[in-house]
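Enquirer: Structure incoming, see below.
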Amino acid sequence: MLSKSSQNEETESSPSAPAARLGQALRLTLRQGWDRLGILMAVSVTWFALLSLPLALGYVLPASLSPALKVVLVALVGTLLMAPPTAGAHHVAALIAEHDEVSYADLWLGARRLAGPAIRLALIQLAVLSVFAANFWFYLHLGGFIGTAATFLCGYALLFWGMMMSLHYPLLVAQENGAFDEPERRARRGALAVLRRAFFLAVGRPFYSLGLLAIVVPVSVLFVVSRILLALFWIGGIALLTTHAARLLLIQYGVLPPPPVEEPIPDEKFRIRTDNRG
């Protein structure tokens, strides 16, 4: 459910809520990312250090194993190991976006609290991506008109899945924090609820979700190529960006309240009053 008053989980914009804009998400990410650069770097370095463990597994597996089996084992171990800290990184990003107090310990607190649904969500992501990879391999080798048409259809489906994936972890953190709860009813939790909400958001604002993906993918490729940026900034920066993007959507659909309007303070409040009585 995207709106607390909605029973059918339909994406209906609140008439008083501003429409989500990627430019605003980028500005908030850059401003808050600079203010909390230290904690984001600590989160990113920790996440990258943990990532090196499943990557190193590929070098210690027996040489008798087939390359395909090695890839499957590394992917499975990496998914199980990296899902909780990825959720923890998005938990830290949510605290930053909400202007709450945040520390390095919140990475591990969020990872522990969200470990169960995060692992289930990551396993679903891995399974879906594996199906896409198998389909691409089959259709590319099939050839002909049918193979070409099926490849394009599979590509469009993968693109839409990527649009949903960019919102998965921010929605996971939001729903586990009770953002979708109503006073007398607790909203659904878990990985399947994340998939449903991400689907409705991607369908409700497809170009917004596509634009977010168009930012996340090239930036991620740039960070991977540079390596040092990947270790220092990637997961912290991407988590903060996608969290802000998801929050703006939830504000648009009335799930979260709009941010308070900051009005300029009149100059009279800063003037020094003089006493001329004596």
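Enquirer: With contacts defined as alpha carbon pairs under 8 Å and 6 or more residues apart, what's the relative contact order of the chain in percent?
Expert: Reported as a whole number, the value is 33 percent.
Enquirer: When Phe180, Phe136 are ordered from fewest to most other Cβ atoms inside 10 Å of their Cβ, what list results? Could the numbers behind the result be given before it?
Expert: Working: Phe180 25, Phe136 15.
The fewest-first ordering by Cβ neighbours comes to Phe136, Phe180.
Enquirer: So, one more: Once the other residues with Cβ under 15 Å from the Cβ of Ala105 are scored (Lys, Arg +1; Asp, Glu -1), what is the net sum? Let's see the in-between values first.
Expert: Details: positive: Arg36, Arg112, Arg113; negative: Asp100, Glu101, Asp106.
Local charge sum for Ala105: 0.
Enquirer: Separate question: Starting from the Cα-Cα distance between Leu26 and Phe132, subtract it from 0.36 nm times their residue separation and give me the gain in nm to one decimal.
Expert: Using 0.36 nm per residue and subtracting the Cα-Cα distance, I get 35.1 nm.
Enquirer: A further question follows. Pulled fully out, how much extra length does the chain show between Glu98 and Ile228, if you take 0.36 nm times their separation in residues and subtract their Cα-Cα distance?
Expert: Details: separation 130, 0.36 × 130 = 46.80 nm, distance 2.85 nm.
Gain on extension, Glu98 to Ile228, equals 43.9 nm.
Enquirer: In nm, what is the difference between 0.36 nm times the number of residues separating Trp108 and Glu184 and their Cα-Cα distance? Don't skip to the end; give the middle numbers.
Expert: Numbers: separation 76, 0.36 × 76 = 27.36 nm, distance 3.08 nm.
Here the answer is 24.3 nm.
Enquirer: Follow-up. Compute the separation of the alpha-carbon centres of the stretch 115-167 and the stretch 27-47 and state it in Å as a whole number.
Expert: A separation of 31 Å, based on Cα centres.
Enquirer: Quick one: if the Förster radius is 30 Å, what FRET efficiency do Leu192 and Ala214 give, using the C-beta to C-beta distance and rounding to 0.05? Before the final figure, lay out each step's value.
Expert: Values: r = 27 Å, r/R0 = 0.90.
Result of the calculation: an efficiency of 0.65.
Enquirer: Mind sorting Glu184, Glu98 by how few other Cβ atoms lie within 10 Å of their own Cβ, fewest first?
Expert: Numbers: Glu184 5, Glu98 12.
So the residues, fewest neighbours to most, are Glu184, Glu98.
Enquirer: Which FRET efficiency value, to the nearest 0.05, is calculated for Trp34 and Leu159 with the Förster distance at 30 angstrom and r the Cβ-Cβ distance?
Expert: Details: r = 32 Å, r/R0 = 1.06.
E between Trp34 and Leu159, to the nearest 0.05, is 0.40.
Enquirer: Using 20 Å as the cut-off for backbone N distance, which residues of the stretch 121-143 belong to the label zone defined by a point 7 Å from the Cα of Leu53 along Cα→Cβ?
Expert: Correct set: 121-124, 126.
Enquirer: Continuing with this model, one more query. Most exposed first by the Cβ proxy, i.e. fewest other Cβ within 10 Å, how do Asp106, Asp181 rank? Mind showing how you got there, number by number?
Expert: Details: Asp106 20, Asp181 15.
The most exposed by this proxy come first: Asp181, Asp106.
Any read-out appearing in this document is the output of simple, stated calculations on the displayed coordinates, not a laboratory observation. Since this is a predicted model, take the numbers as computed values, not measurements. Counting neighbours? That spans all protein chains shown, and the Cβs are built from the backbone with ideal geometry, glycine included.
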